[in-house]
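As structure tokens, the structure follows; a few thoughts come after it.
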Amino acid sequence: MIASQGQYSIVSEYAQGLQIDFEDLDRAVDLIFHAAAQQPFVGIIGTDDSTMVLATRAAIRLGLPHNSVESVNLTRRKDLARIRLLQHEVNIPEFRLLDLNVSLAEQCHDVVYPCVVKPVSLSASRGVIRVNDFSELQQAASRIEKILAREERLDAEVRAILLLEQFIPGQEVAVEAILYSGDLDILTIFDKPDPMNGPFFEETYYLTPSRLPEAIQQQIHQQLEAACRAYGLLDGPVHAECRINKEGVWMLEIAARTIGGLCGQLLRFGTGYNLEELVLAHARGQRLDICRQDEAAGVLMIPTPEAGLLKRIEGLLAALAVPLIEDVNIQIREGYELVPLPEGGQYLGFIFARGEHIAEVEQALREAHACIKIVTAPLWKIKL
Ligand code: ADP
């Protein structure tokens, strides 16, 4: 059963749906509880950051397996998560919290740059900005404050603080994994081949299997398992971002959910399972054996070139005709507004490729991207 905020079932008529209001958690938990009386559930799966707490509370009410509310909350609060990971000696950047109600100069006289400044409770890299000196920090902080002011659902506490942390240079990877009673199965490690040095951190290429040496992949496994233990996460999907440099593996972010957007499509396993099947099997208490395929796969999250109204996207057929390209999927319709980072956070679209070798998959994605031209019109907003 799918519980969603939409008025109509998000699947077609034959599937049942439950309409809930994410703002009213108590009532949503009640509705799920009553639905379970009609048709019992074996598990409850939150699909994204905003539904994790509700899924956990509903599972508690129904006596179903769940992570602790505290551990799930940590995955939604970067500041509390950093403090927890520090206590457990997981390798994380040096950090401090900035109070937006106190002068930044007072709080930052001894900061060593470059740093990254970010809100403590947004996702998809929104509001994450690299700063190289104090004046950039001041500008970034006021930009993030404006982003937070436009977010309706945030607590006052979260609006008043920012996280400032040491910029970690190095190669970045994303990790997709599932926890089984604290035991971590890494499903895949995605290499991000383009350098991500800021000032904003737009996701672009994800390639799998990773080209990192086996020993580093083992370190990533150990660090991520230690980080999950520190949070108290025991079960279910985990999505993490790490950086690797000569000082080791650094944990940047951990979420108790699967990868966002359509990227999960890249995970088709030798056993014939896709990511959703693995997650559903986990909820049923089954640990499926993953036997990795030899083939390589990749996705490009198409970068948003500039702010404006999307007029049209040219070259889609040419992109699709590039060998090894499997699909080009545009998510934003013509006429809608494009908002680049750090304010925006939507995915414009995805290009998928599959092949024998990772290098040819990467090349195909780059060629397909070169075929695409995104045409925008300027957007004028009238302030009343
Ligand atoms: P979100 O949860 O919104 O995606 P993250 O904290 O994961 O925010 O940051 C988004 C991206 O910004 C990371 O994937 C990474 O590329 C970059 N980033 C964040 N913090 C750091 C850091 N301390 N050093 C280097 N890059 C960082």
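Numbers at a glance
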item	result
Filtered residue count, the stretch 129-183, keeping only those that are open to solvent by 60 Å² or more (accessible area, probe 1.4 Å), under 21 Å from the mean Cα position of the chain (by Cα) and not charged (D, E, K, R)	3
Test for residue 293: is it out of contact with any Gly (no Cβ under 6 Å at 6 or more places or on another chain) and in the same structural domain as residue 331 (by TED's automatic domain parsing)	no
Close pairs from the stretch 112-125: first part of a loop (DSSP other than H, G, I, E, B) and open to solvent by 50 Å² or more (accessible area, probe 1.4 Å), partner hydroxyl-bearing (Ser, Thr, Tyr) and near the ligand (Cβ under 6 Å from one of its atoms), Cβ under 7 Å, at least 6 apart	none
From the options 42, 102, residue that is open to solvent by 50 Å² or more (accessible area, probe 1.4 Å), touching a Lys or Arg at 6+ places or on another chain (Cβ under 6 Å) and part of a loop (DSSP other than H, G, I, E, B)	42
Set 199, 209, 195: member being farther than 22 Å from residue 81 by Cα, open to solvent by 10 Å² or more (accessible area, probe 1.4 Å), free of Cβ contacts under 8 Å to residues at least 12 places away in the same chain and assigned by TED's automatic domain parsing to the domain that holds residue 257	195
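The values are calculated or read from the model by the stated rules, or taken from the named source; none is laboratory data. Being a predicted model, the structure only gives us computed values, none of them experimental. Cβ coordinates were reconstructed from backbone atoms using ideal geometry, including for glycine residues, and neighbour counts include every protein chain displayed. SASA here: full protein model, heavy atoms, side chains in, ligands and nucleic acids out. Shrake-Rupley method; radii C 1.70, N 1.55, O 1.52, S 1.80 Å.
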